[in-house]
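Student: I have a structure I would like to understand better, so I am pasting it below and will then ask my questions one at a time.
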Amino acid sequence: MNGDDGGDGVLVRPIGCIRSPFTDPAGMPIQPAGAAGVRGLVEILPEFRDGLADLEGFSRIILIYLFHRSEGCSLRVVPFLDDREHGVFATRAPRRPNPIGLSVVRLVGVEGCRLVIEDVDVLDGTPLLDIKPYISAIDAFPDERCGWFNDFARDVRKVQADSRFAEPGP
Ligand SMILES: C[S@@+](CC[C@H](N)C(=O)[O-])C[C@H]1O[C@@H](n2cnc3c(N)ncnc32)[C@H](O)[C@@H]1O
């Protein structure tokens, strides 16, 4: 398999970097819904530029990236929105076995190797692993069950992060 390092792991390499106004996890938005209008940039390495062809036709894109400032891994976490513990795979918490995040952001424009984006909920300098177009006919399921999150959906715009996942876990 392409990217297999021959051992237990799988090698992936960043295709670029996400720029945002956020340098400290504490006090920043916890999801794009809480970061409406917050502008950022995606800087793509020149060798991947050709892969951006036709992306400007999409108003939202899915960024897949590394939580590079998350410390350690916890299988049970207390997410920002709740004061109860949940299994990490039932949350979007950064401290996970593979610290990978995804954000559906607004694509404002494509300028060469740079994408101008809005609704950014990631730290400045976050390594970008992949981009996919957001396609509502494929990706949107607005009426599905959302577990514990249902009780907190209204809060996602106003709750801000703290530094709990940027410190070594238990
Ligand atoms: C709850 S996560 C959700 C991220 C993404 N929308 C998701 O669902 O995967 C967002 C929080 O992760 C933290 N964070 C963002 N970028 C990070 C990074 N590069 N490394 C570590 N933590 C990060 C910040 O505290 C931010 O508020």
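Student: List the residues whose amide H sits under 5 Å from the amide H of GLY16, counting only those 5 or more places along or on another chain, with H placed 1.01 Å from N in the peptide plane.
Tutor: LEU45, LEU128
Student: Between VAL116 and ASP151, what is 0.36 nm times their sequence separation minus the Cα-Cα distance? Round to one decimal in nm.
Tutor: Stretched out fully, the VAL116 to ASP151 stretch lengthens by 9.3 nm.
Student: Using a ≥ b ≥ c from the Cα gyration tensor of the stretch 13-62 (square roots of the eigenvalues), is it rounded, prolate or oblate, where a/c under 1.5 gives rounded and otherwise the larger of a/b and b/c decides, a/b for prolate?
Tutor: In terms of gyration-tensor shape, oblate.
Student: When a/c reaches 1.5 or more, the comparison of a/b and b/c decides; with that in mind, is the stretch 92-170 rounded, prolate or oblate per its Cα gyration tensor?
Tutor: Because a/c hits 1.5 or more and a/b fails to exceed b/c, the stretch 92-170 counts as oblate.
Student: Determine the order of ILE18, ILE100, ILE131 by accessible area, beginning with the largest, at a probe radius of 1.4 Å.
Tutor: ILE100, ILE131, ILE18
Student: Just by accessible area at a 1.4 angstrom probe, what is the order of LYS158, LYS132 from largest to smallest?
Tutor: Solvent-accessible surface, decreasing: LYS158, LYS132.
Student: Tell me the net charge near VAL38. Cut-off is 11 Å between Cβ atoms, VAL38 excluded, with +1 for each Lys or Arg and -1 for each Asp or Glu.
Tutor: -1
Student: What longest range of the chain stays clear of loop-exposed GluC sites (Glu not before Pro) (DSSP non-H/G/I/E/B, at most 16 other C-beta within 10 angstrom)?
Tutor: It works out to 1-70.
Student: Among rounded, prolate and oblate, which fits the stretch 1-118 when a ≥ b ≥ c are the square roots of the eigenvalues of its C-alpha gyration tensor, a/c under 1.5 means rounded, and a/b larger than b/c means prolate?
Tutor: It is oblate, given that a/c is not under 1.5 and a/b is not larger than b/c.
Student: Dipole of the chain, Cα-centred, from +1 at each Lys and Arg C-beta and -1 at each Asp and Glu C-beta, to the nearest 20 debye?
Tutor: Around 300 debye, computed over the chain.
The values are calculated or read from the model by the stated rules, or taken from the named source; none is laboratory data. From a predicted model like this one, the values you see are computed outputs, not experimental measurements. Heads up, the Cβs are rebuilt from the backbone with ideal geometry, glycines too, and the neighbour counts pull from every protein chain shown. Ligands, DNA and RNA are stripped out before the accessible areas are found, and what is left, the full protein with its side chains, is counted by its heavy atoms. Shrake-Rupley method; radii C 1.70, N 1.55, O 1.52, S 1.80 Å.
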